[in-house]
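Encoded as structure tokens, the structure appears first; notes follow it.
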Amino acid sequence: MTSGFKHQLHILSGDLQGQVHTVTGELVIGRSTSCDVFIPDRRMSRRHARFYAEGRNLFVEDLESHNGTYVNGKRVARMQLFGSDVVRVGTSQFEVEMRPSLANSASVQLVGDNATLHAQLVKPVSPNTHPSLTQMLAEEYFDAIGIGGMGGDGGIGTAAATTPEQFQFLAQQTRNFAVLHEISKVIQTGSDPVGMCEVVLGLMLKVTRADRGFMVRLRNSEDEGESLVPLAVFDRGDKDGVTPSALKMSETVAEQVIKERCGVITSDAMSDTRFSGSESVVLNDIHSLLAVPMVVGDRVIGLIELENNQLVTSFSENDLDLLSVVASMVGVALENLDLAQQRERTIAELVKAQAQLLHAQDQLVRSESLAAIGRFASGIAHEVKNHLAPFMLADMLARQYPEDADVQESAELMLEAQRRILSLIDEIRHFASGATAAYEIVPHDLCRVLRGVIRFVKCDARVKAMNVVFEPTERPLVDMDAGRMRQVFINLIRNAADAIDHNAGIIDIRLREQGEQVIIEFTDNGRGIAPDAAERLFEPFFTTKGEKGLGLGLDISRKIVRAHHGTLSFDSNEDGGTTFRIVMPSVQEADDLEFSFGPSGS
């Protein structure tokens with residue numbers, strides 16, 4: 001039996017929207033660059049989930065991710081997937097498409113017979129002539145299998161098999177109802193059309209003792225016109241399955257079955273001179289064949305053909321009747337599955353449209369908020385500059401008392417505060433307008449910059465109450481805009497202080513070189529970051545500080561770090577403790593520069 005399948009994942013939303021990935025073995029998805037599908041989404045774990053194929057089946061497994069893996073809105077640990085299922089990981093949605101590889105690599109080839117078919121039996125097929133099993137009454141069951149109705153006392157009538165012919169008829173009808181019952185269960189529980197067709201076809205070959213069979217579906221395409229597409233192929237004599245080149249069908253049979261909506265039986269086709277020119281008969285070594293249409297309402301949507309290459313075995317009218325009912329049941333089931341898949345696609349499209357609408361609304365709200373902040377920053381810039389004018393007195397005091405260390409340090413702190421306020425207003429204004437600020441990138445001693453920042457933030461009462469630890473063992477040189485990077489460092493230190501709500505607060509600042517990179521870490525022993533807050537920490541206007549925070553500090557800080565070709569990330573334990581980490585390229589040409597560690601970091 002054929003089992004080659006092509007599993008595809010269509011990405012409906014997220015950073016990789018529009019991409020299509022094929023699952024041939026295993027496909028791991030996560031925000032680690034080592035994953036098969038790398039998605040830079042903070043809501044995803046480094047190795048979030050994996051898709052893997054087992055035969056023609058596709059599965060998804062959650063890799064103990066923090067935020068979970070969802071199939072059609074339900075969180076799962078491991079689950080088999082079917083066509084049109086929608087899998088969500090983080091903000092990305094994947095729609096599953098499952099197709100048999102045979103249908104992708106071959107089509108049914110209709111072969112001419114050089115003759116008009118004179119079949120042994122031709123019988124019209126109509127789905128209305130066969131009652132549904134779910135609608136039949138008990139008495140109709142008994143009548144159908146030939147054992148009479150129910151007696152007045154509730155017992156079965158006395159019509160029983162008294163001759164070999166009656167017994168054979170009873171056995172055939174009982175077999176038929178057992179087969180139809182089994183197929184009904186397959187159809188009711190199946191959600192994969194190809195898998196359902198494979199099971200049904202295998203069962204029919206076993207019941208009719210056929211050697212070969214296939215189900216095909218009629219497709220209409222504007223480009224290719226009308227064609228037959230294989231759904232299932234089974235060859236009992238070929239353990240490796242049927243190759244696409246062997247899937248040939250008599251044009252005469254196909255035309256009569258589809259156009260006249262009739263079932264056809266022909267016997268001993270190999271010796272019949274009317275089929276001597278049929279390539280399909282010669283190729284498949286056919287001695288007997290049975291073909292019926294799949295009729296749904298007033299339409300033929302496909303056909304089922306069974307073939308036998310044994311001289312002593314042929315198909316009967318009873319086989320034709322049974323296969324006609326089965327074909328009708330399968331046709332209705334395929335139509336229902338099409339409708340279900342269309343419904344799932346419509347739901348997925350609606351979910352996608354809703355997500356896009358919510359995203360657009362969110363962007364609009366953010367744009368309006370940023371515009372308001374930009375107007376506010378521009379409006380107060382002039383007033384702030386006027387009120388900062390007295391800070392210039394610090395410069396005068398520094399020149400007047402050049403020998404007084406306390407005056408020099410205080411004056412420097414005041415001037416630094418003035419520069420910081422003006423720089424912050426400009427940064428917010430640029431952020432709100434979306435403009436790119438001009439950066440003055442020059443080499444700086446990172447250790448000296450950090451010591452200056454620590455000295456400055458200790459004027460803050462909140463930070464002053466903490467034990468700020470900075471004991472560098474290396475002195476890296478980094479290309480950067482010192483003013484803007486000071487802004488980032490100050491923001492991270494103050495955030496660390498705000499996260500500590502006890503009297504033994506520690507903010508540990510570590511600096512190290514790793515290859516051609518410099519790593520700066522700010523670690524606190526505070527309350528940690530909750531998982532729901534961690535997902536949104538870098539979003540504009542999201543804050544954990546309530547009315548005390550605006551929610552722009554971290555987003556602005558990350559933009560500044562990225563402008564320096566670096567990254568800003570964090571690790572947090574919900575039970576306590578958070579580390580923010582900045583990774584930046586170091587200046588490699590500074591090997592000949594000499595620095596000395598002094599108490600002031602100069």
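None of the figures in this text is laboratory data; all of them are computed from the coordinates on show. Just so it is clear, the model here is predicted, and its values are computed rather than measured. Every residue, glycine among them, receives a Cβ derived from its backbone with ideal geometry; neighbour counts consider all protein chains shown.
Quick look at the values:
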{"read-out": "Extension gain from residue 426 to residue 357, taking 0.36 nm per residue of separation minus the Cα-Cα distance", "value": "21.6 nm"}
{"read-out": "Efficiency of FRET from Cβ geometry, residue 571 and residue 474, R₀ 25 Å, rounded to 0.05", "value": "0.70"}
{"read-out": "Residue-count net charge about residue 263 - beta-carbon cut-off 13 Å; Lys, Arg +1, Asp, Glu -1", "value": "-3"}
{"read-out": "Two-site label geometry, residue 318 and residue 503: point separation in nm, points 7 Å out along Cα→Cβ", "value": "9.5 nm"}
{"read-out": "Virtual paramagnetic centre 7 Å along Cα→Cβ of residue 33, amide N under 20 Å, in region 44-76", "value": "44-49"}
{"read-out": "Chain lengthening between residue 57 and residue 539 when straightened (0.36 nm per residue, less Cα-Cα)", "value": "169.6 nm"}
{"read-out": "Sorted peptide list for 325-333, 456-464, criterion being average Cβ within 10 angstrom, highest first", "value": "325-333, 456-464"}
{"read-out": "Packing rank of 29-41, 248-260, where each peptide gets the mean count of other beta carbons within 10 Å, highest leading", "value": "248-260, 29-41"}
{"read-out": "Pairwise FRET efficiency - residue 347 versus residue 255, Cβ, R0 = 30 Å, nearest 0.05", "value": "0.15"}
{"read-out": "10 Å beta-carbon shell around residue 60, net charge (K/R +1, D/E -1)", "value": "-1"}
{"read-out": "Length gained when the stretch residue 15-residue 364 is fully extended (0.36 nm per residue, less Cα-Cα span)", "value": "123.7 nm"}
{"read-out": "Distance violations [Cα-Cα > 28 Å] among 74/206; 185/206; 74/185; 206/248; 123/248; 458/545", "value": "74/206"}
